[in-house]
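Reading through the structure tokens given below for one structure.
No lab work stands behind these numbers, since they all come straight from the coordinates. On a predicted model such as this, the values are computed, not experimentally measured, just so you know. Methodologically, a virtual Cβ is constructed for each residue, glycine included, from the backbone with ideal geometry; neighbour enumeration extends over all protein chains shown.
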Amino acid sequence: MKHIIDPYEVINDTQRNNSDCPRVVLPEEIFFTISIVGVLENLIVLLAVIKNKNLQSPVYFFICSLAISDMLGSLYKIVENVLIMFRNMGYLKPRGHFETTADDIIDSMFILSLLGSIFSLSVIAADRYITIFHALQYHTIVTMRRAIITLTLIWTFCTGSGIAVVIFSHHVPTVLAFTSLFPLMLIFILCLYIHMFLLARSHARKISTLSRANMKGAITLTILLGVFIFCWAPFLLHVLLMTFCPNNPYCTCYMSLFQVNGMLIMCNAVIDPFIYAFRSPELRGAFRKMLFYKCLVVF
């Protein structure tokens, strides 16, 4: 599975010599620190929604789904660093059965993070679309029961897909699906957002009394989508280049930036909670209450 998650690791010396670009190596401490911060921030988001009844609505459940996806992306790197530390200390046999199994598990977490993010953003986009153009029927269409069922189906599918990709990662169709499915899904999400804003513009007069708060939510989620694409697109391009032109010197040169691309993925988990807090007064108020309560407990 490492040839998908870290394709640069399997490039042989001959292929590396085709490019004059040295591999960019970042300290593992940077990855570990960013991952810890990402886990803690998204955990605070989850706790804020769980502890505040006014936030227990479908849209915030969808945001929690995205937060869980971000947490999985951060946990992937934390667990990987812990395994590397144990291996360096001699507690794990290099390429042993346990390490191979652990690698497959954390690789599944990584894929699950990507799939979960894509589907969470998709369902949030659909929620915003219904909020804007079917505001009067929103609470009839988007109920808590339907939201929970939708999220259950999404995470069941994502879990099954993550396991399948790990098991069949050495098969060419699996690699092709991994590198082609996600960009197509992102294009679908972008088309949905574009359609939503075009309709919002053409129906501005009809939704003028409802659009301010709802459009603010749509803009927030557009920012989330933009950050997601910015942070994940370099990695997806990396996998595409590894699949279709591993011997090309220009492709090899780009692949030397793998760790930089990995750091961008970790940063996505750190940035998203700040977007929630900056754009949502409800979440911002919940964060303040939690911090105020902790300060009272400490002092």
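Observations
- Relative to the current alpha-carbon distance between residue 56 and residue 289, full extension at 0.36 nm per residue lengthens the span by 82.3 nm.
- For region 228-238, putting each phi into the Karplus relation 6.51 cos²θ - 1.76 cosθ + 1.60 with θ = phi - 60° gives couplings of 4, 5, 4, 7, 9, 4, x, 5, 5, 5, 4 Hz, in residue order, rounded to whole numbers and with x for Gly and Pro.
- Rounded to the nearest Hz, the phi-derived 3J(HN,Hα) couplings of region 263-280 under the Karplus curve 6.51 cos²θ - 1.76 cosθ + 1.60 (θ = phi - 60°) are 5, 4, 4, 5, 5, 4, 5, 7, 6, 3, x, 5, 5, 4, 5, 6, 9, 10, where x marks glycine and proline.
- Whole-Hz ³J(HN,Hα) from phi, Karplus 6.51 cos²θ - 1.76 cosθ + 1.60, for region 142-159, glycine and proline x: 9, 9, 4, 4, 5, 5, 5, 5, 4, 5, 4, 5, 4, 6, 5, 5, 5, 5
- Amide H to amide H distances under 5 Å link residue 168 with no residue, where only residues 5 or more positions off or on other chains count and H is placed in the peptide plane.
- Per-peptide average of other Cβ atoms within 10 Å, ordering 103-113, 127-137, 144-154, 33-43 highest first: 103-113, 33-43, 127-137, 144-154
- Applying 0.36 nm per residue to the separation of residue 141 and residue 177 and subtracting their alpha-carbon distance, the gain on full extension is 9.7 nm.
- Theoretical gain in end-to-end length, residue 153 to residue 134 [0.36 nm per residue, Cα-Cα removed]: 4.5 nm
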